[in-house]
Amino acid sequence: MDFSFTKEQLMFKEEVIRFAKKEIVPRVAEHELACTFDFEAFRKMGEFGILGLHFPEELGGQGADVITTVLAGEALGEAGVDGGLTLAYGAHTFLCADTLFRHGTDAQRKKYIPKLASGQWIGCMGLTEPGAGSDVASMKTEAVKKGDTYVLNGSKIFITNGPIADVAVVYAKTDPSQQHAGISAFVVEKGTPGFSSGEPLKKMGVHTSQTSELFFNDCTIPAQNLLGQEGMGFQMAMETVEWDRSALLAPFIGSGSYLLKKCVRYAKERVQFGRPIGHFQATKHKIADIKIMLEAGRSLVYRIAWCKDSGKPLNHLEAAVAKLFAGDWTLQPMNDAMLIFGGYGYCHEYDVERCFRDGRLAPIGGGTSDIQKMIISRLM
Amino acid sequence: MNFDYSPKEKAFLEEIGAIVSQYASQAGSRVEKPLALILKKLAATPYLRLGIEPVDGMEGPQSLMAAAQKFAAAYPSLYLSVEMSTRVFGGALSRFGSATQKEKFLTPLLKGELVGAMALSESSMNVENDALATTGTVDGDKVLVSGVKSFVINGPIANVIAVAGAYEGGTGIFFVPADAPGLTIGEPLGTLGFEGALISAVSLENCPVDKNFVIGPLAHKEAMDALKLMENQVLVGAALGAMSAAFEAAKKHAKEHKSGGRPIIAYQEVAFKLAEMLTMVQTCELLAQRACWLLKNNDNQALEVFLCAKVMCGECAEKVASGALQILSGSGFTAPNPTERAYRNAKFVQIAGVSTEIARVKIGDMELGYGK
Ligand SMILES: Cc1cc2nc3c(=O)[nH]c(=O)nc-3n(C[C@H](O)[C@H](O)[C@H](O)COP(=O)(O)OP(=O)(O)OC[C@H]3O[C@@H](n4cnc5c(N)ncnc54)[C@H](O)[C@@H]3O)c2cc1C
Ligand SMILES: Cc1cc2nc3c(=O)[nH]c(=O)nc-3n(C[C@H](O)[C@H](O)[C@H](O)COP(=O)(O)OP(=O)(O)OC[C@H]3O[C@@H](n4cnc5c(N)ncnc54)[C@H](O)[C@@H]3O)c2cc1C
């Protein structure tokens, strides 16, 4: 086994950290408190190339490998970019744009990928429904073929970028008599009659990402907006799992490094009982636990990225292990980080409670920890 | 990056798996008989040399860790005995020994013809390496060694014991033959785990050691850090072995044992526990591999990441074994069996080498830039 990164990969990570610290981080607190999306930061991420890193250059991407892409996500977290913006980036680039890239026609790729890679357009992905969360196959949204159109009816919930998206990848049943095999994927543009989104939901964390319902009322789209073939939707959604378990988890790992640095600095500065609190073993214990979780979690995430780069089929067991670990095992260290800051940790100024709230999504979004355990136990 | 073992490593791991599995049925018994046999067999493979000297086509400590996991899963006490001899006693020679010392001890060790022990720790440990109370005093061309070491693995069966002590303003390692005058080896101790390994107290009173067979004086911190790191590698391997033995036993049982007409893995209370256990096993394996990779590359983070691996693997070993015991229920509680053995052994991993508490303090110090 070889855990090394190339020099170029490491240099790029440093570049992303510098970029994020300069262009994004100074505005995080303002947007986080106001629960608003930072359009300007998103546009700058597009200009820098982050939004389309792994797409080919001719489509406006950078042609980067998966490990570099994952390192960029880690770098954003490490620089102090909030989980809301990194989630918005994840949903946009991987759940939406990558699905269009992989399963769209040439014309669809040319139409959407350059706009999404540059940040000119924002994308979202609608899978979850009010009655179908973990149990995806029970979705009720239907797409009925009428001539050379499909007519969509139903609704989606918890859709990241829902209120601000220009284009959505939407999953719907074309054959309600089937379970997974009845699901198909469609591309739906903002402004399509019968398509609308709800008000942004108020959430515990990831405040700057805008999450909402999507509504489809006799929403009529051209038949060519079907991605791939009918019945392939579930498989497409599962393909995004590779990204979910690598690029979308990477910012959590990065924000662990961010927290660790903050805790170390604070523990050396904060004096109680006549000495910096870093000198108490209880503080060292907490700092050690954050470090241990980071060291343990990082390789799990990179293993998925490496697998993808080397063209291996996704190992669903290993992917679920990475997600389960990143979701469940990082909660305690994040809690510890808040404790190191005492009362200040509970207040917004020091940004640790923000990390805690953002991190709380990890065991829920993209398949809960229970669902990961189900996958692992079935595959073992 | 590459998360695969090379074809050569895979073949080697299979070979080791085949050797150690022949001994698994004796895993509850004392090691003195199987030890000589398995050392000969291992000497015919790259196993003993890994991490001690370069071996073509192998990844040193990384290949060793993967093999160690198999060995420690099959027969934990035998593993501990072989490793304390090869990797700690042998490791000290390989790292600090002179050509004469290597010729005399390391050569037969790697042929499987000599058993060593390392007497390092004294009555208590500390975060900053306290000076050792055991001493070596020069007396002509001899060094007279005096002191007490409370727990020495292989004490009763070693041909030679490496004893660490204060020496000429630094730290010395004295190679004391088992028949040296002034050396008293205590009775084998009864222990909670690794009950097949022979562990005893060792006391030395003006025990004469030929000056040629003394390492040092070494800088105390450097010597202690290096020796503890060797010990920690052995213990991380022991933890991985305990985890995989317990997990495999629980998985097998959960698929075969029925309740309410269904295999118990059909129940989430069982299946999800297994999923959590496997997550710990895989996470620990990767963390240990990364620590070994840093070590192989002489990376200055190796010491700290090894401490992280030691804490994580030691604690997960107990959790995995505990989960496995729940799943095995009655058949796990009726000893002896690999799972209850793993549960007992896990505790040792947390205590020995650098204890979990001291390791966390050290990691904290390293992150904070404290400590010397
Ligand atoms: C901030 C945020 C952003 C999101 N973004 C998106 C997005 O962009 N696109 C999208 O499609 N979705 C998105 N989601 C939805 C997310 O994927 C779902 O919330 C998640 O899959 C869980 O579904 P649910 O909320 O309906 O919970 P449920 O499925 O109702 O689960 C409730 C509880 O029951 C447990 N449970 C369910 N089934 C089982 C079982 N068989 N065995 C054991 N336990 C079980 C779950 O683990 C959980 O604890 C987002 C969610 C959030 C919170
Ligand atoms: C079965 C067995 C076999 C062994 N084999 C060998 C061997 O072959 N060679 C060898 O050299 N050694 C060996 N050891 C010794 C072992 O490595 C430990 O160093 C030794 O057990 C520690 O001493 P102690 O048990 O007196 O614990 P103590 O040092 O007294 O520690 C007691 C408790 O206090 C904690 N503690 C102590 N100091 C601090 C501090 N400053 N801060 C926070 N917490 C602290 C410890 O973590 C522990 O929980 C063996 C031990 C055992 C039990």
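Table for the structure above
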item: Candidate set: the range A:214-228, residues that are more than 11 Å from ligand 1 (Cβ to nearest atom) and over 13 Å from residue A:150 (Cβ atoms); chosen: the one surrounded by the fewest Cβ atoms within 10 Å (Cβ to Cβ); result: A:217
item: Options A:104, A:126, A:147: the member that is surrounded by fewer than 24 Cβ atoms within 10 Å (Cβ to Cβ) and farther than 26 Å from residue A:49 by Cβ; result: A:147
item: Qualifying residue in the range A:187-201 (condition: under 15 Å from residue A:84 (Cα atoms) and surrounded by fewer than 24 Cβ atoms within 10 Å (Cβ to Cβ)); result: yes
item: 3 or more residues open to solvent by less than 50 Å² (accessible area, probe 1.4 Å): qualifying helices (runs of 4 or more DSSP H) within the range B:285-372; result: B:302-328, B:338-351, B:356-368
item: Residue ranges of helices (runs of 4 or more DSSP H) in the range A:294-380 with at least 1 members surrounded by fewer than 16 Cβ atoms within 10 Å (Cβ to Cβ), among the acidic types (Asp, Glu) and more than 16 Å from the chain's Cα centre (by Cα); result: A:369-379
item: Criterion violated by residue A:239 - all others in (1) assigned to a strand (DSSP E or B); (2) open to solvent by 10 Å² or more (accessible area, probe 1.4 Å) satisfied; result: (1)
item: Members of the range A:144-164 that are β-branched (Val, Ile, Thr) and either within 16 Å of ligand 2 (Cβ to nearest atom) or under 13 Å from residue A:92 (Cβ atoms) (or both); result: A:159, A:160, A:164
item: Yes/no for residue B:85 being within 21 Å of the chain's Cα centre (by Cα), open to solvent by 40 Å² or more (accessible area, probe 1.4 Å) and within 16 Å of ligand 2 (Cβ to nearest atom); result: no
item: Yes/no for residue A:173 being among the basic types (Lys, Arg) and in contact (Cβ under 8 Å) with a residue 60 or more places away in the chain; result: no
item: Filter result (facing another protein chain (nearest Cβ under 9 Å) and open to solvent by 10 Å² or more (accessible area, probe 1.4 Å)) within the range B:257-280; result: B:265, B:268, B:270, B:272, B:273, B:276, B:278, B:280
item: Selected residue (only one of B:368, B:307, B:303 is in contact with a strand residue (DSSP E or B) (Cβ under 9 Å, 6 or more places away or on another chain) and either of a type in the set (Asp, Glu) or within 14 Å of chain A (Cβ to nearest Cβ) (or both)); result: B:368
item: Segments classed as strands (runs of 3 or more DSSP E), wholly inside the range B:129-193, with at least 1 members that are within 13 Å of ligand 2 (Cβ to nearest atom); result: B:142-153, B:160-167, B:170-177, B:183-185
item: Qualifying residue in the range A:264-277 (condition: in a helix (DSSP H, G or I), of a type in the set (Lys, Arg), more than 8 Å from chain B (Cβ to nearest Cβ) and open to solvent by less than 10 Å² (accessible area, probe 1.4 Å)); result: no
item: Test result for residue A:289, more than 7 Å from every other protein chain (Cβ to nearest Cβ), of a type outside the set (Ser, Thr, Tyr) and within 21 Å of the chain's Cα centre (by Cα); result: no
item: Total residues in the range A:344-367, condition under 14 Å from residue A:87 (Cα atoms) and among the small types (Gly, Ala, Ser); result: 4
item: Filtered residues of the range B:110-128 (kept if under 19 Å from residue B:160 (Cβ atoms) and within 16 Å of ligand 2 (Cβ to nearest atom)); result: B:115, B:116, B:117, B:118, B:119, B:120, B:121
item: Some residue of the range B:341-362 being over 19 Å from the mean Cα position of the chain (by Cα) and more than 10 Å from every other protein chain (Cβ to nearest Cβ); result: no
item: Candidates A:134, A:155 - the one that is touching a residue at least 12 places away in the same chain (Cβ under 8 Å) and open to solvent by 60 Å² or more (accessible area, probe 1.4 Å); result: A:134
item: Check on residue A:177, surrounded by fewer than 17 Cβ atoms within 10 Å (Cβ to Cβ), of a type in the set (Gly, Ala, Ser), modelled with pLDDT of 95 or more and more than 10 Å from ligand 1 (Cβ to nearest atom); result: yes
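The values are calculated or read from the model by the stated rules, or taken from the named source; none is laboratory data. Predicted model, so just to flag it, every value in this text is computed and none were measured. Every residue, glycine as well, gets a Cβ built from its backbone with ideal geometry; the counts of neighbours run over all protein chains shown. Quick note on the areas: whole protein, heavy atoms, side chains included, nothing else; ligands and nucleic acids left out. Shrake-Rupley method; radii C 1.70, N 1.55, O 1.52, S 1.80 Å.
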